[in-house]
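This report refers to the structure that appears directly beneath it.
The values are calculated or read from the model by the stated rules, or taken from the named source; none is laboratory data. Not measured: the values here are computed from a predicted model. Every residue, glycine among them, receives a Cβ derived from its backbone with ideal geometry; neighbour counts consider all protein chains shown. Side chains included, ligands, DNA and RNA excluded: accessible areas come from the protein's heavy atoms. Shrake-Rupley method; radii C 1.70, N 1.55, O 1.52, S 1.80 Å.
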Amino acid sequence: MKIIASNFKTNHTRKTTNSFITNLNDFLQSTNINNEVYIFPPATALDSFDTVSNLSIGVQNGYFTKNGSFTGEIGTDQIEEFGIKTILIGHSERRHILGEDQKTIALKYNYYKALGYKIIYCIGEPLEVKQSGLTETLGYIWEQFDGIDLNYENLILAYEPVWAIGTGISATIEDIATIHKKIKKKISKPLLYGGSVKLANIQEILNIPNVDGTLIGTASWQIDDFKEMCKITNNIN
Ligand code: PGA
């Protein structure tokens with residue numbers, strides 16, 4: 001059973017998130033699509049959505065606190081108000097644009113792990129590292145596991161090469177196959193691929209060995225495209 005996840009990033013409002021999730025939920029219900037589906041709306045659009053059991057709503061980020069004085073952050077008081085127990089940690093935009101270092105990421109990971117959250121943990125190398133070769137790329141990726149308990153039962157991994165995110169240029173089938181095989185050899189957890197997944201390439205990406213699903217940004221923000229990608233994902237099973 002493949003997994004499909006949509007990261008809204010800084011897109012959609014409270015209103016459009018609501019109609020997206022309602023539309024998607026009706027679709028999943030009426031088509032009997034039973035893949036695990038995750039939606040990560042912006043924090044301002046979080047709510048108690050009434051969804052089918054295979055559709056989960058998660059947060060794109062959360063601080064390692066219940067509450068307190070952390071201006072601009074949210075903690076578990078704000079997240080659990082809506083019954084949410086799913087979080088994205090280590091996304092490349094948090095690492096490379098918002099400046100989260102591995103130590104902070106590990107603190108978040110351990111905090112949310114202790115609370116039993118489903119964690120989608122993202123890893124992936126920047127272009128200059130990829131260009132240095134496979135050994136450097138794998139070395140970089142392994143460092144992103146520092147302080148991360150890989151035996152955690154509610155862990156899903158997402159390999160997202162930084163240079164493929166939001167660029168429209170996905171990693172090649174060979175690149176994905178090579179990296180996924182190496183990661184899977186070390187860690188036996190579900191492993192998603194992310195980075196310019198879209199209608200035109202999702203099927204061939206899902207058919208690569210060791211790809212357990214996809215984490216999609218840009219191409220997932222249109223409800224019709226996302227529903228179509230859910231259908232394709234369901235047909236792969
Ligand atoms: P993208 O983003 O699909 O726009 O490349 C993927 C991600 O950041 O998860």
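The residues in the range 184-206 that are in contact (Cβ under 8 Å) with a residue 60 or more places away in the chain and either more than 14 Å from the ligand (Cβ to nearest atom) or of a type in the set (D, E, K, R) (or both) can be counted, and the count is 2. The criterion of at least 2 residues that are under 21 Å from Gln60 (Cβ atoms) is met, among helices (runs of 4 or more DSSP H) falling completely within the range 98-192, by 102-114. Selection of first residues in the range 217-228 that are part of a helix (DSSP H, G or I) and of second residues that are more than 12 Å from the ligand (Cβ to nearest atom), restricted to Cβ pairs under 6 Å at least 6 apart or on distinct chains, gives the following pairs, ordered by first then second residue: Ile223/Phe20; Ile223/Asn23; Lys227/Phe27. Residues of the range 13-32 include at least one that is among the aromatic types (Phe, Trp, Tyr), modelled with pLDDT of 95 or more and more than 15 Å from Tyr112 (Cα to Cα).
One residue alone among Lys184, Lys189, Lys198, Lys231 is among the charged types (D, E, K, R) and within 22 Å of Glu93 (Cα to Cα), and that residue is Lys198.
Annotation: Ile179 fulfils all but one of (1) modelled with pLDDT of 95 or more; (2) out of contact with any strand residue (DSSP E or B) (no Cβ under 7 Å at 6 or more places or on another chain); (3) among the β-branched types (Val, Ile, Thr); the unmet one is (2). Would you call Ile105 under 24 Å from Val162 (Cβ atoms) and among the aliphatic types (A, V, I, L, M)? Answer is yes for this residue.
Only strands (runs of 3 or more DSSP E) whose full extent lies in the range 1-95 are considered here, and the ones with at least 3 residues that are within 16 Å of the ligand (Cβ to nearest atom) and surrounded by 18 or more Cβ atoms within 10 Å (Cβ to Cβ) are 3-7, 36-40, 86-89. For the range 96-128, taking the residues that are charged (D, E, K, R) and within 20 Å of Asp175 (Cβ to Cβ), the one that is farthest from the chain's Cα centre (by Cα) is identified as Glu128. The residue that is least open to solvent (accessible area, probe 1.4 Å), counting only those in the range 107-163 that are among the hydroxyl-bearing types (Ser, Thr, Tyr) and without any contact (Cβ under 8 Å) to a residue 12 or more places away in the chain, is Ser132.
Based on what the data block shows, is Asn25 in contact with a Ser or Thr (Cβ under 6 Å, 6 or more places away or on another chain) and more than 14 Å from Leu192 (Cβ to Cβ)? Here the answer is yes, as Asn25 does meet what is asked.
Within the range 12-31, residues that are of a type in the set (A, V, I, L, M) reach partners that are at pLDDT 95 or above with beta carbons closer than 6 Å, at six or more positions or on different chains, in the pairs Ile21/Phe49; Leu28/Val52; Leu28/Leu55.
Regarding Thr167, is this residue more than 29 Å from Ala114 (Cα to Cα) and within 16 Å of the ligand (Cβ to nearest atom)?
Judged against the criteria, Thr167 is a match.
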